Amino acid sequence: MKKIISFILLFTLSLWAFAQDVKFTARANEVVELNEQFRLTFTVNAQPSGFKAPDLGAFNFSGPSTSQSSSFQMINGKTQQSFEFSYVFFMMPKKTGKFTIGAAQVTVGGKSYQTSPITIEVVSGSSGNSTSGSTSNTGNNTNSNTTSGTETGDVFVVLNLSKNSVYQGEHLVASAQIYTRETLRGFNDIKLPSYQGFWSQEIPTANNIQLQRTNYNGKVYDMGVLHKSLLFPQQSGSISIDPIQLEAIVRKVVDRRSFWGPTYDDVIVKIKSAVKKVTVKPLPAGKPESFNGAVGSFEFSAKFDKTELKANDAAKLTITISGNGNLKLIDPLKVNFPPDFELYDPQIQSDIKNTADGAKGTTTIEYLVIPRTAGKFTVPAIEFSYFDPQKGIYVTKNSGDFNFTIQKSDDDGSGTQEAISFTKKDIQMMGNDIRHIKESRFDIAKAGSAFYGTLKFYLSYVILLGLFLVIFVLRRKQIQRNSDVVSLKNRRANKVSQKRLKLANQFLKENKKEAFYDEILLAMWGYVSNKLNIPQAQLSRDNILETFKNKSIEESLLVKFIKVLDECEFAKYSPAGQADMQQVYKDASEVILAMEQRM
């Protein structure tokens, strides 16, 4: 009876396997050492009827041995089945070099299937494991062992840079990688670089470190990525990046002579990477007037939602910048609106993803404007300039002129006055001013006794004319002040930073660490950018400190400013960062308030 059931089960499985897409794959280590034995496995998800191995002449080998496995699962009434048949070869390299294993063939249901070729690199390796330091067994569960700045031994950490030479504002990727020939048990006290001199953004990586075999200086290591950051240099010259420091917990053999087999112990290995240097080239001369620090490759568009409207109606200008580069550091573009157009603060929205290829996404800047007078107006072409580091040139893109036709407002026959708003109290007063026609007999006043024609009558005209001139002058000055972008940004620096701090306080209450430190950094850098009229892409600690000193700001305030920046950057990018978020928020608020009082 059992044989019949087994036959039916195998027959059902075979029918199911034929109904599926047949997959035939080859799998082996990509890097192996000379004299190291490894497995070469060919796997098919159906019952095969024939197999032909590829040429393995570059290796000593035995096999193949075969194995098969199947599984059945029923989840919510649905049956899931899987089947796998494997051919396994045990391989030993004959010499060093890179070798390609060709396609294997398998026959399933009368059809032939092939694997894709795979490449295996054979390195010389070492005759034995070399430890990075000495280990003393004191009888404790965890011992200590230290290496510094070396890229040799059984365990070490490296900060790999995607580029060693970039333009100011051009991105590069810093990848913190650990290499090991031992069994890793965990990490303690990871200290990442502060990346001073760079605007840094974290690149998302897997929560669990995935180790993969790789060749490093002729030896095979397991390599895992600890952290990745996207860096934008903010100053030219040679910038040094501090080393990564951490404690790796490694499992080592402490006694091979035990009757019960080898005895293992966990050893703490303190390691740090070497200091890295990046050469940052200054941007070339000949910057366009519309250049405001954008570096990368971008697309640009600008459009109004309408160009024909009535006075006192609103129009929206939408500027879209997309591409790959320092999108988060691009300031609002300069737009020359006519004096009769009232402009509101721009709204900036960003959808940017940090990847190993750079910061990719879109930044949208929206301006709300209200024309106050009727007529025909022209908004000159909006220009956006950026530096393309791949081509080494400045690129300028132009939107073209925008022509407006503004009709008279329905609320104002002349179309020349601003919209007037009334309160309920105003309306009540207007009602009191209305007088009904008096039907009863009344006496005509004598000449000279009425208001008309008196001195008060003519003085009222003079006073009204004077008020009109005062209002006209004040209005013109307001328009001129709003058109002065530098002074406008200076006046609004504190207002913008307070909005950032308010949002940071919200993230503080929600315990959103990364978002909180992002907003604090943007508030600090944005404040000095607006106050000193320096684009954020060109800000650096050095030019900020120099400018503050020229304004005779006391050194204690400068030190506190730098301290807040350091605490934010360290707490944001270091897993071990333990900064008091409440204290950081308090210090940032006090620094901005103090600077606002002194500048």
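The values are calculated or read from the model by the stated rules, or taken from the named source; none is laboratory data. Please read these numbers as outputs of a predicted model, since none were measured by experiment. Methodologically, a virtual Cβ is constructed for each residue, glycine included, from the backbone with ideal geometry; neighbour enumeration extends over all protein chains shown.
Suppose the filter is part of a strand (DSSP E or B), of a type in the set (S, T, N, Q), outside the structural domain of residue 97 (by TED's automatic domain parsing) and within 23 Å of residue 264 (Cα to Cα); does residue 188 pass it? So residue 188 passes the test. In the range 315-322, is there at least one residue being within 21 Å of residue 535 (Cα to Cα), touching a residue at least 24 places away in the same chain (Cβ under 8 Å) and of a type in the set (Lys, Arg)? The answer is no, given that none of the residues of the range 315-322 is within 21 Å of residue 535 (Cα to Cα), touching a residue at least 24 places away in the same chain (Cβ under 8 Å) and of a type in the set (Lys, Arg).
Scan the range 162-185 and give yes if some residue there is among the basic types (Lys, Arg) and touching a Lys or Arg at 6+ places or on another chain (Cβ under 7 Å), otherwise no. Yes; the residues of the range 162-185 include at least one that is among the basic types (Lys, Arg) and touching a Lys or Arg at 6+ places or on another chain (Cβ under 7 Å). Would you confirm, using the coordinates I've provided, whether residue 276 is at pLDDT 90 or above and assigned by TED's automatic domain parsing to the domain that holds residue 230? Judged against the criteria, residue 276 is a match.
Any residue at all in the range 347-359 that is farther than 26 Å from residue 171 by Cα, touching a residue at least 60 places away in the same chain (Cβ under 8 Å) and outside the structural domain of residue 522 (by TED's automatic domain parsing)? No: the range 347-359 contains no residue that is farther than 26 Å from residue 171 by Cα, touching a residue at least 60 places away in the same chain (Cβ under 8 Å) and outside the structural domain of residue 522 (by TED's automatic domain parsing).
Yes/no per residue for (1) in a strand (DSSP E or B); (2) modelled with pLDDT of 90 or more; (3) surrounded by 14 or more Cβ atoms within 10 Å (Cβ to Cβ); (4) touching a Ser or Thr at 6+ places or on another chain (Cβ under 9 Å):
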{"position": "269", "(1), (2), (3), (4)": "yes, no, yes, yes"}
{"position": "287", "(1), (2), (3), (4)": "no, yes, no, yes"}
{"position": "309", "(1), (2), (3), (4)": "yes, yes, yes, yes"}
{"position": "320", "(1), (2), (3), (4)": "yes, yes, yes, yes"}
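Just to verify a result, which residue in the range 26-58, among those that are crowded, with 16+ Cβ neighbours inside 10 Å and of a type in the set (Gly, Ala, Ser), is farthest from residue 119 (Cα to Cα)? My answer is 46.
Out of 518, 542, one residue alone is modelled with pLDDT of 75 or more, assigned to a helix (DSSP H, G or I) and surrounded by fewer than 21 Cβ atoms within 10 Å (Cβ to Cβ). It is 518.
Every residue in the range 281-309 that is under 21 Å from the mean Cα position of the chain (by Cα) and among the β-branched types (Val, Ile, Thr), please. Scanning the range 281-309 gives a single hit, 295.
Considering the range 376-411, the residues that are within 17 Å of residue 322 (Cβ to Cβ) and among the β-branched types (Val, Ile, Thr) include one that is surrounded by the fewest Cβ atoms within 10 Å (Cβ to Cβ), namely 396.
So that you can scan it fast, the table gives a plain yes or no per residue for (1) under 11 Å from residue 86 (Cβ atoms); (2) assigned to a strand (DSSP E or B); (3) assigned by TED's automatic domain parsing to the domain that holds residue 88; (4) at pLDDT 85 or above:
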position	(1), (2), (3), (4)
17	no, no, yes, no
29	no, no, yes, no
35	no, no, yes, no
43	yes, yes, yes, yes
51	yes, yes, yes, yes
57	no, no, yes, no
62	no, yes, yes, no
68	yes, yes, yes, no
71	no, yes, yes, no
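Residue-wise test of (1) modelled with pLDDT of 90 or more; (2) touching a Cys at 6+ places or on another chain (Cβ under 8 Å); (3) closer than 22 Å to residue 475 by Cβ.
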| site | (1), (2), (3) |
| --- | --- |
| 354 | no, no, no |
| 360 | yes, no, no |
| 375 | yes, no, yes |
| 379 | yes, no, yes |
| 382 | yes, no, no |
| 393 | yes, no, no |
| 396 | yes, no, no |
| 403 | yes, no, no |
| 409 | no, no, yes |
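Scan the range 322-372 for residues that are of a type in the set (S, T, N, Q) and outside any strand (DSSP E or B) and the total you get is 2. On the stretch given as the range 294-326, residues that are over 22 Å from residue 162 (Cα atoms) and in contact with a Gly (Cβ under 6 Å, 6 or more places away or on another chain) total 2.
Residue by residue, here is whether (1) in contact (Cβ under 8 Å) with a residue 40 or more places away in the chain; (2) not aromatic (Phe, Trp, Tyr) holds:
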| residue | (1), (2) |
| --- | --- |
| 37 | yes, yes |
| 48 | yes, yes |
| 52 | yes, yes |
| 56 | yes, yes |
| 59 | yes, no |
| 63 | no, yes |
